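Only one structure is covered here, and it is reproduced in the block below.
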Amino acid sequence: MTARILSIGTATPPTTIAQDRIRDFFAQQPDCDRLTQRLIRATFDAAQIERRHTVLPELGDAGGDGIFVDAQGMLRSPGTALRNAEYIRLAPELSRRAAQAALDEAGVAASRITHVVTVSCTGCFAPGPDFRIVRDLGLAPSTERYHLGFIGCAAAFPALRAAERFCAAQPDAVVLVVCTELCSLHIRPSASPDQIVSSSVFADGSAAAVIT
């Protein structure tokens, strides 16, 4: 019996970023020389992205003073602990919304879910995102749960492969896969081409799928 995706649900934070504004924001950071400014502008424009979503209100079109950006529009440098604390605070609700959207689209009751697979590489905590999905959606305590951490951009694919294998081994399995990344929590000024590319394309959001 072939496993299939019944539905996909998504969730994004309310704050949006216009690509041209965030491009200029990075280009105006201190110690950004003319060569780096040219690279930033060329890379952001080549991405052909108009708008992205972020969990950081101070990065939005209205700007503002916050944890990551000061009142003068300069990037702060919060430590890893603070960045991860924001992930712990913000990621679970985004995951829950995407998962609920997938369940609603599939017409599947939460009580039918047998396995949960969560994916993320932009933060960590324990008990992890898999536990929070089970708790926040009121899934059965017997739900098997797994988390794939720090695999990177392609992590949804091993998660889907795992779901397929659960279904092959247990034909009545109903698997919920939830992928959530808060990439903007890791922004930093840099002249590195790799970091500039990351800043030009990544954003924040969650996607979930029901597989059976």
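Placing +1 on the Cβ of every Lys and Arg and -1 on the Cβ of every Asp and Glu, with no other charges, gives region 1-91 a dipole of roughly 360 debye about its Cα centre. Remark: spin-label model distance Arg38-Phe157 equals 3.6 nm, labels positioned 7 Å along the Cα→Cβ axis.
To put it simply, the accessible area of the chain at a 1.4 Å probe is 54 percent carbon and sulfur. Accessible surface calculations at 1.4 Å, restricted to protein heavy atoms, place the chain at 51 Å² per residue. Considering only Leu59, Ser120, Ala162, the residue lying farthest towards the positive end of the dipole of region 41-186 is Ala162, judged by Cα position with unit charges set on Cβ.
Quick one: among Ser200, Ser77, Ser142, which has the greatest mean-square fluctuation in a GNM of the chain with alpha-carbon springs under 10 angstrom? Most flexible of the set in this elastic network: Ser142. Contact order, relative form, for the chain: 32 percent (alpha carbon pairs under 8 Å, 6 or more residues apart, mean separation divided by residue count). Taking amide H atoms as placed 1.01 Å from N in the peptide plane, the amide H of Ala203 lies under 5 Å from those of Cys183, each 5 or more residues away in sequence or on another chain. When the chain is described by a simple charge dipole with +1 on each Lys and Arg Cβ and -1 on each Asp and Glu Cβ, the residue from Ala18, Phe202, Leu139 located farthest towards its positive end is Leu139. For the chain, the dipole from Cβ point charges (+1 on Lys and Arg, -1 on Asp and Glu) about the Cα centre works out to 320 debye, to the nearest 20.
Each of Ala47 and Ile88 was given a label point 7 Å from its Cα along the Cα-to-Cβ line. The distance between the two points is 2.9 nm. Over the chain, DSSP H runs of length four or greater, each weighted -39,500 (n - 2.57), average out per residue to a 222 nm ellipticity of -12000 deg cm²/dmol. Centre-to-centre, using Cα atoms only, region 145-185 and region 1-56 are separated by 24 Å.
Building the convex hull from the alpha-carbon atoms of region 13-163 and averaging its projection over directions returns 10.8 nm².
In region 127-191, what chymotrypsin sites (Phe, Trp or Tyr not before Pro) fall in a loop by DSSP, with at most 14 other Cβ atoms inside 10 Å? Passing both the DSSP loop test and the Cβ count: Phe150.
The values are calculated or read from the model by the stated rules, or taken from the named source; none is laboratory data. Small disclaimer: the values here were computed from a predicted structure and weren't measured. As a convention, Cβ positions derive from the backbone with ideal geometry for all residues, glycine included, and neighbour counts pool all protein chains shown. Keep in mind that these areas ignore ligands, DNA and RNA; they rest on the heavy atoms of the full protein, side chains included. Shrake-Rupley method; radii C 1.70, N 1.55, O 1.52, S 1.80 Å.
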